[in-house]
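Asker: To start, I am sharing the structure in question, which I have written as structure tokens.
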Amino acid sequence: MAKAGMGASGNSYRGAKERRAQLLDLLRGGMMLGEAIEAVGWKNRRSYHNNRHEYPEWAKEVDLAKTAGRAFQTPKVVRKRQPVVKIKAGEYKRAQFLEDLKNGADYNETIAKYWTNRGSYWSARSNYRDWAVLVDRAKGGAPTAAPSIREYVPIDDGVTRIHDTGDMTGEFQAFVAKYFPDRRPHQPQQLELIKRLHELQPREICLFLCPPESGKTSSLEDYVCKTLAEDPNHRFRIVSEGEDLAKRIVGTCVRRFTDVGQYPEFIARYGPFYEKGQERKGRPWTTNQITVLKNSGGERDRSLVANGISSAAYGSRIDTLIIDDVQSQRNINASEDILRTLRKTFFNRGKLMRTLIVGTRISGDDLYSRLLEAQLPTRQYILAAANAQGNPTVPEFWDEQIFHGKPGEPTGPCCSGFRECPRNGEKLTPREFMELTKFQAGEETWWAAYMQRPQAEERSTFAAFLDKCYDHDRSVGERFASASVG
């Protein structure tokens, strides 16, 4: 076997040597380099360049042969080199997708051909609106199963505001102000969340996306306490990224249900919620699950249960399922696993169950894009931090006690890094504070977490690396022609 291998190696060596000699003869005879490479049997220019690298003396002879061979070539045939137009991989993909649709390709099959999931496709539509219009024209209609229903209300002053939430939220505010005086007044986005949750019908799934620190969890705490006070038989399940996060809601409810010193009027009006020793009767009262005293259901009908998305789920039935910030940068690569867990473990816990999914966008391939791809949400509310004019959608959210510096004083964080500070000592306007946050967060985080429109990463890291390494003086085959989209 060894001899056979050595023989094969020797034959390969002799073959390469013969090709090098033959190439020199062809070049000296006036043949063009590309034609000579093909004539000697090399499959591509890589073999030629490998030989140049390995045999530098031969490479010098090749260069001399090319110079000498020009005397035998047909005089002055001017070869105009075609300009090379570099385009991004994403641009080429969008152009090819559009071309396929124009040629009659099936819409859904073509999406699967160019995108690994529909979430990435919808991100591309969102980021390239002109291209999306051309796509709709090419397939002869409006986009099917469009995942975006943005319920904004433009008014005369150019500021986008949320719908009037009506009497229901007014009553909710009055209840919280009366019984939980330590709670700060609700902002419009918090009231909108409560309104959406209150309106949910059996088997509906509402997706509510909003910026970080919008007061989502505190609003849910208020709603759970109010509901269990007025309807002790209601069954809530809270699911968060980690069980500790979900336990915070349980902890707030337990404190309000039992702290007579801080919430005397609430407990006197709707309590008692707990009696000592009720755990022995199958009515748990722990950090992650409770059953209020007036609950007339069975042992499996717990009032409030907290779960982490990866922790074991209790088998109790559910009336209202709340998925609260179940994804972050820590588990972004587990989007498909999270969706599978929701469908297999939680979405089948109640025949008439209502589901609210509250969160903030992370990337174009996060859990929320997969929910939209699967067409699971029956209702959606997507709140961006700023409207089309660049003004805050909810000015109250950005109204904080942050001030510009004064002359002669050290500059604070108010304008650092992105503009010159007026140094007038005045409080930042909501727009100014929002712009400061945008600058500090960076474009990628701003568009994903605050605008709920993550920017698609059209080019892979490997593709970018190849682009930097590309030798633009070599011709190694066909290059893509320029693609104009939109």
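Read-outs throughout are calculated quantities, based only on the coordinates presented, and are distinct from any laboratory measurement. The model shown is predicted, which means the values in this text are computed figures rather than measured ones. Reconstructed Cβ throughout: ideal geometry from the backbone, glycine too, with neighbour counts over all protein chains shown.
Asker: Would you mind checking which residues have amide H under 5 Å from residue 204's amide H? H placed 1.01 Å from N; only 5 or more apart, or other chain.
Answerer: Residues meeting the amide H criterion: 355.
Asker: Further question: Suppose a student asked you for the relative contact order of the stretch 163-382, using Cα pairs under 8 Å spaced at least 6 residues apart; what percent would you report?
Answerer: The normalised contact order for the stretch 163-382 reaches 28 percent.
Asker: From the phi angles alone, apply the Karplus equation (6.51, -1.76, 1.60; θ = phi - 60°) to the stretch 328-334 and give each ³J(HN,Hα) in whole Hz, x where the residue is Gly or Pro.
Answerer: My calculation for the stretch 328-334 gives 9, 4, 5, 10, 4, 7, 10 Hz in order.
Asker: Which of 226/294; 226/247; 43/113 have a Cα-Cα distance over 20 Å?
Answerer: Listed pairs above 20 Å: 43/113.
Asker: Okay, moving on. Tell me, what is the percent relative contact order of the stretch 395-450, built from C-alpha pairs under 8 Å that lie six or more residues apart?
Answerer: Once normalised by length, the contact order is 38 percent.
Asker: Rounded if a/c is under 1.5, else prolate if a/b beats b/c, else oblate: with a ≥ b ≥ c from the C-alpha gyration tensor eigenvalues square-rooted, which is the stretch 163-382?
Answerer: The shape class here is oblate.
Asker: Would you please give the residues with an amide H less than 5 Å from that of residue 403, counting only those at least 5 places away or on a separate chain, with H modeled from the backbone geometry?
Answerer: 428
Asker: Mind listing the phi-derived Karplus ³J(HN,Hα) values for the stretch 303-308, rounded to whole Hz, using 6.51, -1.76 and 1.60 with θ = phi - 60°, and x for any glycine or proline?
Answerer: 6, 8, 10, 10, 9, x
Asker: Next question, about the same structure. Once you have a ≥ b ≥ c as the square roots of the Cα gyration tensor eigenvalues for the stretch 193-291, tell me rounded if a/c is under 1.5, and otherwise prolate or oblate according to whether a/b is larger than b/c.
Answerer: prolate
Asker: On to the next question. What does the charge count around residue 401 come to, taking other residues whose C-beta lies under 15 Å from its C-beta (Lys +1, Arg +1, Asp -1, Glu -1)?
Answerer: Every neighbour counted, the sum reads -3.
Asker: Can you give the net charge of the other residues whose Cβ lies under 11 Å from the Cβ of residue 293, counting K and R as +1 and D and E as -1?
Answerer: Summing Lys/Arg as +1 and Asp/Glu as -1 gives +3.
Asker: For the stretch 199-210, take each phi angle, set θ = phi - 60°, evaluate the Karplus expression 6.51 cos²θ - 1.76 cosθ + 1.60, and give the result in whole Hz per residue in order, putting x for glycine and proline.
Answerer: 7, 4, 9, x, 6, 8, 10, 9, 9, 10, 10, 8
Asker: Now a separate question. What does the net charge come to around residue 304 if you take all other residues with beta carbon closer than 10 Å to its beta carbon, with K and R at +1 and D and E at -1?
Answerer: Neighbourhood net charge equals +3.
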